[in-house]
1. Compute the semi-axes of the equivalent ellipsoid of the range 33-114, taking the square root of 5 times each eigenvalue of the Cα gyration tensor, and list them largest first in whole Å.
2. For helix 3-13, report the angle its Cα long axis makes with the longest principal axis of the Cα atoms of the chain; keep it between 0 and 90° and round to the nearest 10°.
3. Can you give the alpha-carbon Rg of the chain over 2.2 N^0.38 Å, where N counts its residues?
4. Ignoring ligands, DNA and RNA, what percent of the 1.4 Å accessible area of the range 58-133 is carbon and sulfur?
5. Using a 10 Å cut-off on Cβ atoms, rank the peptides 6-13, 92-99 from the highest mean neighbour count down.
6. Picking from Tyr57, Asn6, Asn74, whose Cα lies most toward the positive end of the charge dipole for the range 1-136 (charges on Cβ: Lys, Arg +1; Asp, Glu -1)?
7. HN-Hα J couplings of the range 96-104 from phi, Karplus 6.51/-1.76/1.60, θ = phi - 60°, integer Hz, Gly and Pro as x?
Amino acid sequence: MDNILNLGKQVLAAQPFSHLIGAELTSFRSGYAEISITIQPRLFQQHGSVHGGVLSYAADNALTFAGGSILGPNVVTAAYTINYLKAAQSGSLIARAIVISNTTRQAVCRCDIWNTTDQGEVLCAVAQGTIITLSPSS
């Protein structure tokens, strides 16, 4: 395992909510991040599918990791939008984020969230966000 993936896993492990959901950073390199979450009933909403907040969490973190891979570790999400496309009920979620454009202070990133089952992958949400570096006084 390379150093950037190890560093990313340490950052994710320092987030108690990530641990609660069962998130795992499965790939992390310059301009790209992938977070996986095994679907469990505790993540469902009242209709029996994964709660939108879990999808939103996956998008937010994957976007920020992708942006941070270019901008450095001192970053936060400034804004993002998400569109829910299809319900997820079993298997796992995989959030794959890439940097679309960046400057020295911000990165615009895209994230596709896939529901992976024995039948293959189905796109269940898409997101786009702006990741910014924190100023020293933040």
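1. Ellipsoid semi-axes (Å, largest first): 26, 11, 10.
2. 60
3. Cα-based Rg divided by the globular estimate yields 1.01.
4. Result for the range 58-133: 50 percent of the exposed heavy-atom area is carbon or sulfur.
5. 92-99, 6-13
6. Going by the charge dipole, the pick is Asn74.
7. So the J values, rounded to whole Hz, are 10, 10, 10, 7, 8, 7, 8, 10, 6.
The values are calculated or read from the model by the stated rules, or taken from the named source; none is laboratory data. The shown structure was predicted, so the numbers you read here are calculated from the model rather than taken from an experiment. When we count neighbours, we look across all protein chains shown, and the Cβ atoms used for this are built from the backbone with ideal geometry, even at glycine. These area figures cover heavy atoms from the full protein model, side chains too; ligands, DNA and RNA do not enter into them. Shrake-Rupley method; radii C 1.70, N 1.55, O 1.52, S 1.80 Å.
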